[in-house]
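These notes are about the structure you will find just below.
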Amino acid sequence: MEGEITWSGVLAFLRRRRGLLDAVVFSGGEPTLQAGLVPSCRAARELGFKIGLHTAGPYPARLAEVLPELDWVGMDIKAPFADYDRITGVPGSGERARESLMHLLDSGVEHEIRTTVHPALLDARQVAMLARELAALGVRRYILQEFRAQGCADSGLNMASGRDFPWAEVRDALQPLFQHFSIRGA
């Protein structure tokens with residue numbers, strides 16, 4: 001594939017960047033889909049880098065396997081777990097995301113949990129329900145992100161605006177639930 005870099009090429013790049021970079025974050029698509037994630041994290045750590053991961057948690061067993069190799073995780077939770085199938089179109093995705101979240105919370109690895117809000121998919125009531133659910137499970141750092149059309153292939157979602165979403169009301173209602181709460185992009 002054009003522009004693709006081999007893992008040996010990535011390691012060579014990282015060797016040249018020792019002392020200039022602090023960390024490597026495995027991201028893009030869903031990294032826990034990759035069978036080589038754990039050895040790749042170990043290889044980057046052996047070069048002296050801290051290791052981060054961005055995930056949506058669809059593969060709980062793979063996440064549990066890689067957690068001991070990580071310093072930080074950014075986890076996307078898309079909806080209240082009972083609503084996941086509607087949002088993702090993937091049966092059972094809510095149970096898998098919840099299981100992954102529990103692995104993460106039990107691991108002690110530093111993390112942030114975040115939800116991208118598009119008002120056509122989640123209204124303020126659903127966002128509040130999700131936040132209460134996450135707080136009850138033990139989430140302490142929660143971020144809401146306003147949907148951005150950049151990179152989204154769904155023209156229907158791109159045409160809908162989130163500008164009329166009650167961001168201030170949601171912030172005021174949810175902030176007391178978490179040690180750290182913020183809204184990005186709104």
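Summary table below
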item: Computed helical MRE - 222 nm, the chain, DSSP H runs ≥ 4 contributing -39500 (n - 2.57), nearest 500; result: -11500 deg cm²/dmol
item: Gyration tensor (alpha-carbon) shape descriptor, segment 50-126, a/c threshold 1.5; result: prolate
item: The chain - percent relative contact order, Cα under 8 Å, separation 6 or more; result: 16 percent
item: Label-point separation in nm, V10 to D85, each point 7 Å along Cα→Cβ; result: 3.4 nm
item: Globularity index of segment 56-184, i.e. its alpha-carbon radius of gyration over 2.2 N^0.38 Å; result: 1.05
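No value in this document is a laboratory result; all are computed from the given coordinates. Keep in mind that what you see is a predicted model, and the values were worked out from it rather than measured. As a convention, Cβ positions derive from the backbone with ideal geometry for all residues, glycine included, and neighbour counts pool all protein chains shown.
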